[in-house]
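Data block below; observations after.
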Amino acid sequence: MHTARAKTLVSRWNGMNIYRGCVHGCVYCDSRSTCYRFTHPFEDVEVKENAPELLEEALRKRRAAAVISTGSMSDPYQPCEKELRLMGRCLELLYKYGFGASVITKSDLVLRDLDLFECIQQRAKSVLQMTLTVSDDKLSGILEPNVCSTSRRYEVLKAFQEREIPAVVWITPLLPFLTDTEENLRWLLDRCFDAGVRGIVCFNAGMTLRDGCREYYYKALDRHFPGMSEKYRKRYGNAYEVNSPRNAALMRLFHEQCEKYGVLHDPEQCFRYIADLPEKEPQISLFDGIAPGKP
Ligand code: SF4
């Protein structure tokens, strides 16, 4: 881990990343791809130590509130967040300025900020975006080695559901020949429906592989599933889109089940739902008067 002072934080599309790089170790991680031009090892997480200051500056300048999203490139709940609490301070600022918050994570550390998400939800809007890829916790431990198991993530979803904070789940990737089974998909969908999620993002039953990400993934396959990388090479070559041979059937099942349970399943609809900030009556809550940065 190393620190840096960033120049800007919030993009014009209302996205931000407090950390650059990730130690969660997912074998399929797209953020490792060379196109993102990391100038440091991916696991040597860069901490934007002035993130709260930059966020406050950006929020002050905005004429209208919006939902600020984080986690598209790096999980914001890195282990170091436990000590640093940059994400927690950023959430306090979003609450203070009446903005919404949306976070993509696989980590149960997000539960630490549950009260904050609840307050933001009451004043503006909060959306938890959680990724689930595999029903089998043992396999999850191989594919996503340094973050909590799928069953723990399901508990996190339930905790957010209890507080009436909406969630959108990403079921992606579904790895060809590893997790692209009907049984796996049904199990994940059932947990999503049980946790009352508003939407599920699943572009395809498959994954994407770009330079950098592909090499890392194939090395992991060689370590844990001998012969599998050869199977990928033969079938997909250097293709970017690597869809399961069962893609059509699995996607049919996905759309049918979501339709049946009234869950958003078109990615664009999910993204519109996340970004949409409804007007709410101002409410006083536990965090009113909180000083930014105060634990
Ligand atoms: S949590 Fe996300 S950013 Fe981190 S390694 Fe996994 S896929 Fe990559």
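Only the coordinates and a few stated rules stand behind these numbers; no lab work does. Model, not experiment: these values are computed from the prediction. Note that each Cβ is placed from the backbone with ideal geometry, even for glycine, and that neighbours are counted across all protein chains shown.
Summing +1 for each Lys or Arg and -1 for each Asp or Glu among the other residues whose beta-carbon sits under 9 angstrom from that of R246 gives -2. Taking 0.36 nm per residue of separation and subtracting the current Cα-Cα distance, fully stretching the chain between K158 and E182 would add 6.3 nm.
Bridging of K61 to aspartates and glutamates at a Cα separation below 18 Å is possible for E53, E92, once same-chain residues fewer than 8 apart are set aside. Using only side-chain charges placed at the Cβ, +1 for Lys and Arg and -1 for Asp and Glu, the dipole size of the chain relative to its Cα centre rounds to 680 debye. Along its first, second and third principal axes, ordered by size, the range 147-190 spans 37, 19, 14 Å in Cα coordinates.
Per the Cα gyration tensor, the range 48-95 maps to an equivalent ellipsoid with semi-axes of 20, 12, 9 Å, ordered largest to smallest.
Per-residue counts of other Cβ atoms within 10 Å, averaged by peptide: what ranking do you get for 33-43, 53-63, highest first? Let's see the in-between values first.
Values: 33-43: 12.5, 53-63: 15.3.
Highest to lowest by the protection proxy: 53-63, 33-43.
The tail of the calculated P(r) for the range 2-275 beyond 34 Å holds 17 percent of all Cα-Cα pairs. Toward the positive end of the charge dipole of the range 2-275, with +1 on the Cβ of Lys and Arg and -1 on the Cβ of Asp and Glu, the farthest Cα among T131, L188, L178 is that of T131.
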